[in-house]
Structure formats: structure tokens, C-alpha cells
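*Asks:* My questions will all concern the structure given below.
The values are calculated or read from the model by the stated rules, or taken from the named source; none is laboratory data. Worth saying up front: this structure is predicted, and the values here are computed from it rather than measured. FYI the Cβ positions are ideal-geometry reconstructions off the backbone, even for glycines, and counts take in every protein chain you see. Remember, those area values only see protein heavy atoms, side chains included, never the ligands or the DNA or RNA. Shrake-Rupley method; radii C 1.70, N 1.55, O 1.52, S 1.80 Å.
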Amino acid sequence: MNIPIGVPIEGGFFAGTIQLDDGTRYGLVVAPKADGQHADTLWIDEYKDAPGAQSYNDGLANTIAMADAGSALAQWARSLRIAGHDDWYIPSQDELELCYRNLKTTAEKNYCYARSGINLSAVPPTRPYTTTLPAQTTAKPFTENGNEAFDAAGYWSSTQHAAYSDFAWYQTFDFGCQDCSYTSTRLRARAVRRIPIE
């Protein structure tokens, strides 16, 4: 499947291709900002665990686990009905990184610390960021001040920290910092869905 990044498709916009642990590949679709972005909110109530929400590439499974554990954010994502689709979820850490890499809003230099940018679930897998790669997206609606642009802020992934259940992973969209924060921190979120790829 050769789909240009950022084009409208299946209720949202194409953000790239992700591969799950079993080798299944999917096209990642980002929800329209007006309907599929949540204002700053908790990942889950303080000190609550979400068993089963630790996948780096399966945001759907993570979001279901979050919702089952009582996360209002996850329940919001699962309740979305956009363009006839009801399978929206909070992206996993690697899915969220793919969104940054392919739909980067600004021309800011990228965060180049540690493993930021390594994404073994992306198709093809990616290496750490350089100061100039990834570059600002060419998808105009996602560039700075565009109607669909990610805000220059932190967005929650649905991936809980593997060692500390009161932390979850997030990514900023100004220069691409990947980090974790207390699940009681207030960050925004953008829903996604996925489509099968032959």
C-alpha cells in the first residue's frame, strides 16, 4: 500500500505503517483534530494500574486495558464515533512516534538524546533522530497553524511504563522528546485507528 502521508483516508489522515509483534502490518490513521483530540487530562487516576497496557506497538490492546482499569481518557477514545468508525484508540508509544516522525508540525531541531526516534515497530524500522531528521511534514494541514496540526505539547501514548505502573510514556510534538511522566500528569491525546495492509 503506497499512500502519501497526511492524505484523508478511512475517517482521518494517513500517518504511516506500523507492525505488531506477530508481524501483522497496519496503516495508522490519525483522527481529525476537531473530533479526535482530547484536552490535557490524566492518563488514569493516581496510583491505579492498567494491567495489559504495556505494548509498544498495539495501542488498541493498551487502550482496552486502560478503559477496563477505569481510565476516563481511554473510555473517551473507545466511545468516539467519527465518519462512521468506532474503533478509535490512544496510540501506543511507537504509534505516537510514527505520528511525530511523519507529521512533524514544526521545523524545530529534533531531540537527539538517548534512544529518541528508534522505532522497531515502524515500517521500515527507524533510527534515532538527528537534528534535521525527521523534517517538518509536507502535509500542509499538519504544518504549524494548520487545522490538523499537533500542538507543540506533550501527548499521551497508551503505553504504561513496564517497571513503574504510576508512569506512562508521552511524546512532545515541538521537537520530539520521548519520555515518561506520572499518570496523574495532565497531557493531551489524539485518537487513532488502524487499517489492514495487504
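*Asks:* Would you pick out the residues in the range 112-157 that are among the aromatic types (Phe, Trp, Tyr) and surrounded by fewer than 20 Cβ atoms within 10 Å (Cβ to Cβ)?
*Replies:* Step one: filter the range 112-157 for residues among the aromatic types (Phe, Trp, Tyr), giving 113, 129, 142, 150, 155-156.
The one that is among the aromatic types (Phe, Trp, Tyr) and surrounded by fewer than 20 Cβ atoms within 10 Å (Cβ to Cβ): 113.
*Asks:* Filter the range 41-81 for residues that are modelled with pLDDT of 95 or more and among the acidic types (Asp, Glu); which is farthest from the chain's Cα centre (by Cα)?
*Replies:* So the residue we want is 68.
*Asks:* Could you list, in sequence order, the residues of the range 86-105 that are open to solvent by 10 Å² or more (accessible area, probe 1.4 Å) and out of contact with any strand residue (DSSP E or B) (no Cβ under 6 Å at 6 or more places or on another chain)?
*Replies:* Residues of the range 86-105 open to solvent by 10 Å² or more (accessible area, probe 1.4 Å): 86-87, 93-94, 101-102.
Those that are open to solvent by 10 Å² or more (accessible area, probe 1.4 Å) and out of contact with any strand residue (DSSP E or B) (no Cβ under 6 Å at 6 or more places or on another chain): 86, 101.
*Asks:* Just the residues that are farther than 10 Å from residue 139 by Cα and at pLDDT 95 or above, please, taken from the range 1-12. Break it down into steps so the answer makes sense when it comes.
*Replies:* As a first pass, look at the range 1-12 and keep what is farther than 10 Å from residue 139 by Cα: 1-3, 8-12.
If the condition is that a residue be farther than 10 Å from residue 139 by Cα and at pLDDT 95 or above, then 8, 9, 10, 11, 12 are the ones that fit.
*Asks:* In the set 61, 53, 74, which member is without any contact (Cβ under 8 Å) to a residue 12 or more places away in the chain and more than 17 Å from residue 15 (Cα to Cα)?
*Replies:* Working: 53 fails: without any contact (Cβ under 8 Å) to a residue 12 or more places away in the chain; 74 fails: without any contact (Cβ under 8 Å) to a residue 12 or more places away in the chain.
Going through 61, 53, 74 in turn, just one is without any contact (Cβ under 8 Å) to a residue 12 or more places away in the chain and more than 17 Å from residue 15 (Cα to Cα): 61.
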